[in-house]
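Written out below as structure tokens is the structure these notes cover.
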Amino acid sequence: MSELNQAYWDKLADVQSELKEKIEQDPWRLAFHQMPVTGWMNDPNGAVQFKGVYHLYHQYVPDDPNGGLVHWGHKTSTDMVHFEEQELFLSPDKAYNRSGVYSGSAFVKDDEIHFFYTGNVKQPGDHDYTFSGREQNTVHIVSKDGFSVDFEEVIIPHADYPEGFTDHIRDPKIFEKNGQFYMVLGARALNHRGKILLYTSPDLYKWEYKGVFAEGEKEMGYMWECPDFFETEEKDVLIFSPQGLKATKYEFENTHNAGYYLGRTDWEQTQFIPESEFYELDRGFDFYAPQTFEDESGRRILWGWMGLGDTSPEYSNPTVARGWQHAMTLPRELSVEQGILKQRPLKEYEMLRSNHQEKTVTIEGKFEMKTDSQQTFELLLSLDDVKDQIALHLKEDTVLSYDKQVFTLSHGPSGYGRSERSVEIKDLKQIHVIADTSSLEIFLNDGEYVLSTRVYPKQERPGFLFEGNAAVTINKWDLGK
Ligand code: FRU
């Protein structure tokens, strides 16, 4: 049964062409980040490399920059830098997904890609959609090429979930261990605790409930979205996006957060045992619902949604008026090194570099570095000797500073309500900034911390202004498309 009739598709084509006209005028379109062609983008979905080709699917509302009925958009790449837009991969056209093809993942087995997603259904009537009125069905798809669907089936209908949960159970992610397949699902329990459910399968088709893989006390929030799990040589990593955490002095300040535990897994009990605190994956303003995958060379790669839901009126994205909103972060390579999860930009982006400049300077007071191109660039600062505080002014009115062992990112009006985010860091050695037209990703100490943010300058400054007292080696490149 197709629930999206021809009238929907006809209207979509018209709306998209109107949005495209606005978008063409927009200097804030990103040069090398993945963004929606028109409308709204949220979570990365189904990230996978298959027969050499990288596929990025994503939550996509092509006809409305404020979000709405979600499809899966689809982009492909052979170099992880340049992506080609593909036809919509999935649309809400079945009874079991009619209110949105929600997030999910991909798993390659025997020359096929198996996709798992959540079919969201909102029943009409007077419902709160937490305790009643919502179905979230887990759906399995098999595809031979990543473009067409060869098989589709509901494997866990909403009615079959265990007792004790609200209607919110979603975002399947698959992994394999000892010849068994496992699926983690994010959930909100009736007592408003976040949990991760575990299912198991011998063949990816038949699934059986195993129990709770991980859960939190009250301070860990009421809902855990988008779970992800992988093993490394040092530790197992459990990533999820909890909702309802309390902000601390410098952490969990966004409406919702995304982070991880390092730990180990008890495979007898099939339970994850955290051995670290819960760390935020990104300390900036725009990051949520990340997903990882292992590529054919064995790298663990993460994409995050460089955006956030439920933010208004705290901060906004002026691109809405120009027909689109949100983007993905650059893909990052993850590794656990001596108890720290490091995130580094995937090195392929270096092919965008040109006009390398290198300078070692002792800054005493002020130092201005003039540049021609300011919109899209990379700045790698090695701090040799920081005497007291240091500040770097870039873009229109953004400041990165380091003072009394606190690194701070602060925005002026071009942050559209984004104010300040800080990280306590004892010995800051390196600040690595990747700037696109309307985004900044700031990596500290070789991937120990990352801060992602959107920023909307109307006029770029003609260079960088440094203030403070420090010896710094500056490497700067322009970044192309
Ligand atoms: C996370 C999320 C997921 C859900 C999807 C719907 O941002 O809420 O839990 O599947 O977005 O678009």
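Bear in mind that the values in this text are calculations on the coordinates, not laboratory data. Fair warning: this is a prediction, and the values are worked out from it, not measured in the lab. Quick reminder, even Gly has a Cβ in these numbers, built from the backbone with ideal geometry, and neighbours come from all protein chains shown.
Structure data summary
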{"read-out": "Footprinting exposure proxy for Asp167, Asp126 (fewest neighbouring C-beta atoms within 10 Å first)", "value": "Asp126, Asp167"}
{"read-out": "Ranked list, fewest to most other Cβ atoms within 10 Å of each Cβ, for Lys195, Lys426", "value": "Lys426, Lys195"}
{"read-out": "The chain: angle of helix 6-24 to the longest principal axis, Cα-based, in degrees nearest 10", "value": "0"}
{"read-out": "Relative contact order for the range 6-345, counting Cα pairs under 8 Å that sit 6 or more residues apart, in percent", "value": "14"}
{"read-out": "DSSP-loop trypsin sites (Lys or Arg not before Pro) across the range 36-105, with at most 15 other Cβ within 10 angstrom", "value": "Lys51"}
{"read-out": "Euclidean distance between Cα centres, the range 445-464 to the range 117-190, Å", "value": "37"}
{"read-out": "Alpha-carbon centroids, the range 410-436 and the range 257-309: separation in whole Å", "value": "22"}
{"read-out": "Estimated vicinal HN-Hα couplings, Hz - the range 412-420 in sequence order (Karplus 6.51, -1.76, 1.60; Gly, Pro = x)", "value": "x, x, 6, x, 6, x, 6, 9, 9"}
{"read-out": "Cα gyration tensor category, rounded, prolate or oblate, for the range 358-438 with a/c compared to 1.5", "value": "oblate"}
